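> First the structure, which I've put down as structure tokens, then a few questions once you've had a look.
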Amino acid sequence: MHSTIALQEEKIAFYRQNGFVQLDGVISEEELNELRQCADEAMHIEVSQSAQPDKANRGYSRVLNQRFNTWRDHGGMSRFSLSHRLANLAKQLTGADGIRVFHDHLLYKMPGDSKPTPWHQDIPYWPMKERGALSIWLPLDDVDERNGCMMFVPGSQHVGKLNAVDLVNPQDLYAFEESESVRNTRPVIVPMKAGSCTFHDGLTFHYAHANHTDKPRRVLAIIYMPDGTIYTGEPHILCDHDPSLTAGAPIAGPLYPKLA
Ligand code: SIN
Ligand code: NI
């Protein structure tokens, strides 16, 4: 996936103003079919380099089944998670000089007693000093309000970093005193066709609906960061035992490759 997509100026401007943007047709139908197959395989690999943070937490599995860093287990996933084309979109949106991958993230919202993913920002979970990190969220199935599409609060990236939300027992968005402007802004619901995607800033408030259908809602998210992003040393499942990282130094090296 080395071809690049040149984004229209208005998409870039929309992203910078609103903290998210929808981009259609970023992968082909053929690539999508390959990705579906790779993702389903990667979710079931038993002996794994990837991390499955919430396996033991039954409450969490009603929100999401997830795996980090599937590209390390499955060569097929690396075609997508380390894709130059997708990382280059992050570069254009942020205007960063270079983009590294922090990790990939398969997010399956399973049918049966499904819970929404509560309102949250992503940055409070990541051990990064700067705030430029962002995610692509690429559904492998068409998504709408019935099976777990996302909502974003436009412009909410401007409130800055608030406390992390417990995704199983969330405090309400309304619990954040600082977030009055967030509460007073109407969220945008983003139904999408598989193969389209959204990008969202790590500070943008977002939410995903519960899955009330009888099929999994499958998503590949990839977390990108500007090259030079500094590791804070704060706890994180992927970084805690990584000898290549030093608090106060940039997150770099072969586990966080520079892609664009
Ligand atoms: C979800 O896919 O349900 C949530 C994704 C996110 O929080 O970025
Ligand atoms: Ni999130």
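Bear in mind that the values in this text are calculations on the coordinates, not laboratory data. All figures in this text were calculated on a predicted structure; none of them were measured in a lab.
> In a GNM of the chain with a 10 Å cut-off on Cα contacts, which of R72, R146, R217 has the highest mean-square fluctuation?
R146
> Taking only pairs that are 8 or more places apart or on different chains, how many Lys pairs in the chain have Cα atoms under 19 angstrom apart?
Taking the Cα cut-off of 19 Å, the pair count is 12.
> I've got another one for you. If one computes the Cα centroid of the range 110-169 and of the range 232-253, what distance in Å separates the two points?
Cα centres, the range 110-169 to the range 232-253: 23 Å.
> Pick from I237, I99, I189: which is most flexible by mean-square fluctuation in a GNM of the chain where alpha carbon atoms under 10 Å apart are linked?
I237
> Roughly how many whole Å is it from the C-alpha centroid of the range 57-93 to that of the range 198-215?
Using only Cα atoms to place each centre, the spacing works out to 15 Å.
> Further question: For the range 245-260, take each phi angle, set θ = phi - 60°, evaluate the Karplus expression 6.51 cos²θ - 1.76 cosθ + 1.60, and give the result in whole Hz per residue in order, putting x for glycine and proline.
9, 10, 4, x, 10, x, 6, 7, x, x, 7, 10, x, 7, 10, 8
> A further question on this structure: Kindly state, as a whole number, the per residue volume in cubic angstrom of the convex hull around the alpha carbon atoms of the range 9-250.
Numbers: hull volume 29.9 nm³, N = 242.
Spelled out: Cα convex hull of the range 9-250, divided by residues, is 124 Å³.
> Please check: in the Gaussian network model of the chain (C-alpha springs, under 10 Å), which one of A133, A247, A221 has the largest mean-square fluctuation.
With Cα springs under 10 Å in the chain, the top fluctuation among A133, A247, A221 is at A247.
> Just need the relative contact order of the chain here, percent rounded to a whole number, with Cα pairs under 8 Å and 6+ apart.
29 percent
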